[in-house]
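To start, the structure under review is shown below, and the notes come after it.
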Amino acid sequence: MRLVILDNYDLASEWAAKYICNRIIQFRPGKDRYFTLGLPTGSTPLGCYKKLIEYHKNGDLSFKYVKTFNMDEYVGLPRNHPESYHSYMWNNFFKHIDIDPNNAHILDGNATDLQAECESFEKKIKEAGGIDLFVGGIGPDGHIAFNEPGSSLVSRTRLKTLAMDTILANAKYFDGDLSKVPTMALTVGVGTVMDAREVMILITGAHKAFALYKAIEEGVNHMWTVSAFQQHPRTIFVCDEDATLELRVKTVKYFKGLMHVHNKLVDPLYSMKEGN
């Protein structure tokens, strides 16, 4: 497990974007070899998406041979609703890059048969050859995707009832009106994300500090589902200084001492331009 600590949110976002960029380019994707990327929503990844869009517009990165699978979607919210995760992904990322819409997979929270939709999503991931890099964020209670506290650590894509903490956290996107916030969602399982060849989790802000502490300094615990990734062979936690506030000083010092190694993963930044 790697813990990458940057000074602030912008630097953490840029490090994560550089890492994704380099992983895609090093993979050498093509028409018979797609790179498969798992993606999150929420406020944390926005800075990362902005940098990826920048790399694309500069001609350094193409998503033509990338397939994406999003972590979750609300149930019962119209696809074109401004707060649906379909809208989020298209407005904040997909419409700004050259991805084929057929290769951008998002769960359908309005499907007639939600169970069948979840099973189909798992099947599509398998048919794509599995996920090369799953990028995630977490909630203050340590949930990844909508795998709320108490979720099985071997869970698959399924229908979940949202915890009150999550509903309260999401109310800001619905004019602060709790009655407008969906109470159910479709989500990939912890096991679905664990199956990825590599996982990168973005954790920023002091309000996520206790969750980061639970994720890396205590044992695996289904009440803090992000802690499961201690057992993944290739996990990178990317965080800012504020998110480390609950960690032991020696833990922070240990991982900061490895930054010269971690920075080799993003420096140099690769490019798809000719001759780079």
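The values are calculated or read from the model by the stated rules, or taken from the named source; none is laboratory data. Since this is a predicted model, take the numbers as computed values, not measurements. Every residue, glycine among them, receives a Cβ derived from its backbone with ideal geometry; neighbour counts consider all protein chains shown. Each accessible area value is taken on the protein alone, full model and side chains, heavy atoms only, with ligands, DNA and RNA left out. Shrake-Rupley method; radii C 1.70, N 1.55, O 1.52, S 1.80 Å.
Worth a mention:
- Selection within segment 97-126 - buried (at least 19 other Cβ atoms within 10 Å of the Cβ) and free of Cβ contacts under 8 Å to residues at least 24 places away in the same chain: none
- From Leu265, Leu269, Leu245, residue being over 25 Å from Asp195 (Cβ atoms), surrounded by fewer than 16 Cβ atoms within 10 Å (Cβ to Cβ) and not hydroxyl-bearing (Ser, Thr, Tyr): Leu245
- Residue in segment 2-9 that is more than 16 Å from the chain's Cα centre (by Cα) and at positive phi present: no
- Checking segment 25-39 against the condition returns no match, with no residue being open to solvent by 50 Å² or more (accessible area, probe 1.4 Å), within 29 Å of Asp175 (Cβ to Cβ) and outside any helix (DSSP H, G or I).
- Condition met for Ser152 (assigned to a loop (DSSP other than H, G, I, E, B) and either touching a helix residue (DSSP H, G or I) at 6+ places or on another chain (Cβ under 9 Å) or open to solvent by less than 30 Å² (accessible area, probe 1.4 Å) (or both)): yes
- Close pairs from segment 1-28: first within 22 Å of Asp242 (Cβ to Cβ), partner part of a loop (DSSP other than H, G, I, E, B) and among the charged types (D, E, K, R), Cβ under 8 Å, at least 6 apart: Lys18/Asp267
- When residues of segment 132-144 are limited to those that are open to solvent by 10 Å² or more (accessible area, probe 1.4 Å) and not acidic (Asp, Glu), the one nearest to Val66 (Cα to Cα): Gly137
- With respect to (1) hydroxyl-bearing (Ser, Thr, Tyr); (2) open to solvent by 60 Å² or more (accessible area, probe 1.4 Å); (3) in contact (Cβ under 8 Å) with a residue 40 or more places away in the chain, the lone exception for Ser179 is condition (3).
- Hits in segment 73-96 (condition: buried (at least 19 other Cβ atoms within 10 Å of the Cβ), free of Cβ contacts under 8 Å to residues at least 60 places away in the same chain and not small (Gly, Ala, Ser)): Tyr85, His86, Tyr88, Met89, Phe93, Phe94
- In segment 47-100, the residues that are under 21 Å from Asp132 (Cα atoms) and polar (S, T, N, Q): Ser62, Thr68, Asn70
- Any pair with Cβ under 6 angstrom, 6 or more apart, that starts in segment 61-72 at a residue that is assigned to a loop (DSSP other than H, G, I, E, B) and ends at one that is modelled with pLDDT of 95 or more and aromatic (Phe, Trp, Tyr): Leu61/Tyr55; Tyr65/Tyr34
- Yes/no for Gly129 being surrounded by fewer than 17 Cβ atoms within 10 Å (Cβ to Cβ), touching a Phe, Trp or Tyr at 6+ places or on another chain (Cβ under 9 Å) and in contact (Cβ under 8 Å) with a residue 60 or more places away in the chain: yes
- Yes/no for Asp165 being among the acidic types (Asp, Glu), assigned to a helix (DSSP H, G or I), touching a Ser or Thr at 6+ places or on another chain (Cβ under 9 Å) and open to solvent by 50 Å² or more (accessible area, probe 1.4 Å): no
- For segment 185-202, the count of residues that are closer than 28 Å to Leu11 by Cβ, modelled with pLDDT of 95 or more and among the acidic types (Asp, Glu) is at least one.
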